[in-house]
Amino acid sequence: MPDWDEILAREGPAVWRTAYRILGDRADADECFQEAFLDAWEVSRRGPVRSRPALLKRLVAARAVDRLRRRARRGSHGAVADWDALGGPGPSPSRSAEDSELPRRLREALARLPAKQAQAFCLRALEEWSYAEIAEHLGATVDAVGVLLHRARTRLRALLARPREVPGPPLAAEEPS
């Protein structure tokens, strides 16, 4: 039987960082982290696991992409305050807003990709997995991973190139009396 305390101590930080990089929210990352470890425990009960770190990162990436999709369906795209990051002098508020815009838009765009494309993109771009590693863990060929990544990048470019809809001022007929 695997020693889960040891696995948690050794693999936990990297697994949590994967979730946080995808989601950008500590609470959501915590929940995905827990779900991934529970899922890994279930997988290990069914049979041997060749690579626990790979399994855990794949599971947490899948859970994080699922959570992005739920956010997109609920329409909760608002930024979550990261109180730990607040502190002394830093960039101006407008610079901070600009810097936070792209990750938020990327998360929204990832939520609009098919699940395997989003998972492959996250594992490649965020975790720097090789095509072969992604193929093994997604149950696909290396060529199929290449196609998934190409389609994901193409779709992400298109989604991120679209101008954001910015509401204008209310029309005279819409103004309250």
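The values are calculated or read from the model by the stated rules, or taken from the named source; none is laboratory data. Predicted model only: the values in this text are computed from it and were never measured. In this analysis, Cβ positions are derived from the backbone assuming ideal geometry, glycine residues included, and neighbour counts consider all displayed protein chains.
Key figures for this structure:
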| item | result |
| --- | --- |
| Options Arg45, Arg124: the member that is modelled with pLDDT of 90 or more and assigned to a helix (DSSP H, G or I) | Arg124 |
| Residue within the stretch 3-10 that is within 18 Å of Glu133 (Cβ to Cβ), over 13 Å from the mean Cα position of the chain (by Cα) and touching a residue at least 12 places away in the same chain (Cβ under 8 Å) present | no |
| Residue under evaluation Trp16, criteria (1) farther than 25 Å from Glu133 by Cα; (2) at pLDDT 90 or above, criterion not met | (1) |
